[in-house]
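We did not get these values from a lab; they are worked out from the coordinates using the rules stated. Predicted model, so just to flag it, every value in this text is computed and none were measured. As a convention, Cβ positions derive from the backbone with ideal geometry for all residues, glycine included, and neighbour counts pool all protein chains shown.
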Amino acid sequence: MKAVINAFLAGATIGEVRETLNDGFAGEINVKPIGKHRWTEQFEALRKNTEDYIARTGENISVFLVNMGPVPQHKARADFSAGFMEVALFQVLRNTGFETVEDAVSAAVESRADVAVICSTDATYPELVPAIARGIKTILPKMKVLLAGAPAPEFKDLYTDAGVDDFIHVKANCYEILKAIQNSKEGFLL
């Protein structure tokens, strides 16, 4: 930058400076402009894909909330997860919570949902998540299992090794996760 300033101070023209900076590059540069669009277009398209799927099949992608413990223990993450999934118009199956891993796994399997989202607290996750994820995946290996909340780095591999497919939290890519769920649904045309 200093050399460019000095060149201008010495009387160089913009063309001369540009030619020097190009360093002999003689090709023409073509830039494709970014088209106008609304920021919500991609999410509207996700929702429209779900609407079209419902109209065509009479079914929807269903998401079972695996709420663990009393309501105060899981409510914040269950509400977040429901809102996250409802962006794409998925059907969210709610409940008031489960006391045991066995009850939670049994209810998730009985729901025959496409996706199960484990909702509780970071403190309970190391004990609950591996057992729930393995329990679900053993019976329904195609059911996607998500964890509500960003995993602590020391536990992430434990959770994924147990069968957790993805994590939903404020920094997660909502669009990509919802699109992947749609893509995994048999007969869901995009």
Quiz prompt | Placed amide H near Val92: partners under 5 Å, 5+ positions off or other chain | solution = Val63
Quiz item: List the trypsin sites (Lys or Arg not before Pro) in region 1-73 that DSSP assigns to loop (not H, G, I, E or B) and whose Cβ has at most 12 other Cβ atoms within 10 Å. Which are they?
Solution: Lys36, Arg38
Exercise. Evaluate the charge dipole of region 41-184 about its Cα centre and quote only its size in Debye, nearest 20, assuming +1 on the Cβ of each Lys and Arg and -1 on the Cβ of each Asp and Glu.
Key: 180 debye
Quiz prompt | Mean residue ellipticity (222 nm) of the chain, computed from DSSP H runs ≥ 4 via -39,500 (n - 2.57), nearest 500 | solution = -16000 deg cm²/dmol
Quiz item: Hey, what angle do you get for helix 174-184 against the long axis of the chain, alpha-carbon based, 0 to 90 degrees rounded to 10?
Solution: 60 degrees
Quiz item: For the chain, how big is the tail of P(r) above 20 Å, as a whole percent of Cα pairs?
Solution: 62 percent
Practice problem: Relative to the longest principal axis of the C-alpha atoms of the chain, give the angle of the C-alpha long axis of helix 101-111, reported between 0 and 90° and rounded to the nearest 10°. | Solution: 80 degrees
Quiz item: Which of the trypsin sites (Lys or Arg not before Pro) found in region 66-111 are in a DSSP loop and have at most 14 neighbouring Cβ atoms, other than their own, within 10 Å?
Solution: Arg94
Quiz prompt | Assigned charges on the beta-carbon of Lys, Arg, Asp, Glu; region 60-143 dipole about Cα centre (debye) | solution = 200 debye
Exercise. Report the trypsin sites (Lys or Arg not before Pro) located in region 136-177 that are in a DSSP loop and have at most 11 other Cβ atoms inside 10 Å of their Cβ, or state none.
Key: Lys142, Lys171
Quiz prompt | Charge tally in the Cβ shell below 10 Å around Val115, where Lys, Arg are +1 and Asp, Glu are -1, Val115 excluded | solution = -1
Practice problem: Note the angle between two axes, namely the Cα long axis of helix 153-162 and the longest principal axis of the Cα atoms of the chain, as a number of degrees from 0 to 90, rounded to the nearest 10. | Solution: 60 degrees
Quiz item: Which pairs in the list Lys142/Lys185; Lys32/Lys171; Lys75/Lys144; Lys32/Lys179 are over 19 Å apart, alpha-carbon to alpha-carbon?
Solution: Lys32/Lys171; Lys75/Lys144; Lys32/Lys179
Quiz prompt | Farthest toward positive dipole pole in the chain [+1 Lys/Arg, -1 Asp/Glu at C-beta], among Gly83, Ile34, Val164 | solution = Ile34
Quiz item: Expressed as a whole percent, how much of the Cα-Cα distance distribution for region 88-190 exceeds 15 Å?
Solution: 62 percent
